[in-house]
Amino acid sequence: MKRSELKRNTPLRQGTKGLTTRRGLERAGELRRAAGPKSRPRRRKRSDAEVAQMEHWHRTVTADECAMCLEIPVDEEVFVARRADVLRREGHHILAKRLLIAARLDHLLWDVRNGMSLCRLHHQRHEAWFQRVPRRLVPPPAFAFAAEVGMVPQLERDYPHDDGPKGAAA
């Protein structure tokens with residue numbers, strides 16, 4: 001197939017040596033920066049008290065086994081392939097931190113009633129909406145916490161009803 005010659009509306013400029021990089025183009029004024037901050041805003045520094053609360057939350061929440069692994073065992077194939085992820089426990093905020101921050105409830109971020117233990121595999125699957133934690137596995141104190149902060153609809157939305165254990169679908 002014969003290709004036609006590239007036709008330009010304007011000819012290439014002469015003497016563009018050194019202007020092939022982004023920095024070179026910025027120096028020459030050829031490339032404009034986008035409006036807004038130069039980089040992502042830095043995360044605020046946590047106080048010692050907040051760090052202590054966070055560590056206490058993590059120790060308390062991850063003391064239990066993964067709620068999903070206890071109810072719906074992981075297939076042997078998946079266990080062998082993702083052994084490190086299945087054995088590592090992570091603390092999961094039942095009501096997402098972003099929801100609490102948006103509702104100006106920052107002081108309740110590290111309330112242990114809003115946490116449950118999940119292995120890394122199930123935590124990733126839950127967060128990706130691939131395999132959600134069924135509502136029956138959410139600890140009862142989480143429902144009381146959600147009612148206290150007025151976020152029961154969010155909890156009902158994020159944790160689907162499930163009528164009982166299903167096969168070992170992991």
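Derivation of every value follows stated rules applied to the coordinates shown; laboratory data play no part. Keep in mind it's a predicted model, so treat the numbers as computed, not measured.
Counting only Cα atoms, the size of segment 39-170 along its three principal axes is 43, 32, 30 Å, in decreasing order. Extension gain for GLU50-GLU71 works out to 4.3 nm (0.36 nm per residue, less the C-alpha to C-alpha distance).
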